[in-house]
Amino acid sequence: MQMKKVLGIDIGGSGVKGAVVDVKSGKFLSDRIRVPTPKPYSLEGLLGAIDEIVKTLNWSGKIGCGFPGVVRAQTIETALNLGSPFFGVNLAEEIGKRCACEAWVINDADAAGIGEMQFGAGRKKDGTVLMLTVGTGIGAALFTNGHLVPNMEFGSIKMKDKKSGKMMIAEAICSDAARKKYDLKWEEWAERFNKYLNYVQYLLNPDLIILGGGVSSKPEKFFSHLNVKCDLVLAELENRAGIVGAAVEASRHGGAKSK
Ligand code: BGC
């Protein structure tokens, strides 16, 4: 049976965000709490940030958590931005022990995609839908007729960096973090990102691409410069998608044991 309320958590490179979600409607039932991701990145620091959100919201129920890396059997396999302290860690178990709550962990872009497919721009969309989250990294969630193919790392496809001529992973040159790092004008960034979009479109032939993550809150800066051979829309849940999707996914699974 589905639980109605779940605490959704979205782990990012700069902040850990959480809110209590009504998983039937996708609505927030609490404030959205943001705690800066403790640096240098460590498991202890991350668990502390999650626990702070749990305590602030006085939460004792189930937790659904999106993590920025490949998650298999609740265990972290990669974390391009957060790094090695998390490799091989069963994060659901660790959250369960630390916060005395049942927890369920999935990839952060998969969580955002689930949120959009259920309550946002992907609602009732069949065919192939690709959700891209553009922020510190580039996350991807791929759906066929509403079914998720998990852990699709399409932010890691290689592209040529115009400046150095070197092949680099796309998120290193096209993410929002790359825009800031290389001090790109929005138009310059949009040109790069458009190449990436067209490359992904060429490889996957989706019917629809949903664009989310940090950049999706400033569409006036870049959206009119994008041009791709499939439907392209902005995420509707904005920065809520990852929290909502993580909560929805956790409500469908038995979580890891609490203490
Ligand atoms: C990670 C992905 C993640 C994306 C967005 C990338 O660096 O490899 O797993 O979804 O960042 O956070």
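Structural remarks
- Segments classed as helices (runs of 4 or more DSSP H), wholly inside region 146-258, with at least 2 members that are within 16 Å of the ligand (Cβ to nearest atom) and farther than 30 Å from residue 92 by Cα: 170-174, 176-181, 186-204
- One residue stands out in region 188-215 among those that are more than 22 Å from residue 158 (Cβ to Cβ) and touching a helix residue (DSSP H, G or I) at 6+ places or on another chain (Cβ under 6 Å): the one that is most open to solvent (accessible area, probe 1.4 Å), namely 214.
- Subset tally (residues that are crowded, with 22+ Cβ neighbours inside 10 Å and either within 15 Å of the ligand (Cβ to nearest atom) or assigned to a loop (DSSP other than H, G, I, E, B) (or both)) for region 85-95: 2
- Of all residues in region 193-208, those that are out of contact with any Asp or Glu (no Cβ under 7 Å at 6 or more places or on another chain) and under 17 Å from residue 129 (Cα atoms) total 11.
Each row is one residue, and each column tells you yes or no for (1) assigned by TED's automatic domain parsing to the domain that holds residue 26; (2) more than 24 Å from residue 175 (Cβ to Cβ); (3) open to solvent by 40 Å² or more (accessible area, probe 1.4 Å).
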{"position": "57", "(1), (2), (3)": "yes, yes, no"}
{"position": "63", "(1), (2), (3)": "yes, yes, no"}
{"position": "67", "(1), (2), (3)": "yes, no, no"}
{"position": "76", "(1), (2), (3)": "yes, no, no"}
{"position": "83", "(1), (2), (3)": "yes, no, no"}
{"position": "97", "(1), (2), (3)": "yes, yes, yes"}
{"position": "102", "(1), (2), (3)": "yes, yes, yes"}
{"position": "117", "(1), (2), (3)": "no, no, no"}
{"position": "126", "(1), (2), (3)": "no, yes, yes"}
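- Scanning region 135-148 for residues that are open to solvent by 50 Å² or more (accessible area, probe 1.4 Å) and at pLDDT 95 or above yields a total of 4.
- Of residues in region 1-55 being farther than 20 Å from residue 177 by Cβ and modelled with pLDDT under 95, the one most open to solvent (accessible area, probe 1.4 Å): 1
- Of the set (1) modelled with pLDDT of 95 or more; (2) over 15 Å from residue 239 (Cα atoms); (3) within 12 Å of the ligand (Cβ to nearest atom); (4) not aliphatic (A, V, I, L, M), all apply to residue 68 but (2).
The values are calculated or read from the model by the stated rules, or taken from the named source; none is laboratory data. The model shown is predicted, which means the values in this text are computed figures rather than measured ones. Counting neighbours? That spans all protein chains shown, and the Cβs are built from the backbone with ideal geometry, glycine included. Accessible surface is based on the protein model in full, side chains and every heavy atom, while ligands, DNA and RNA are left aside. Shrake-Rupley method; radii C 1.70, N 1.55, O 1.52, S 1.80 Å.
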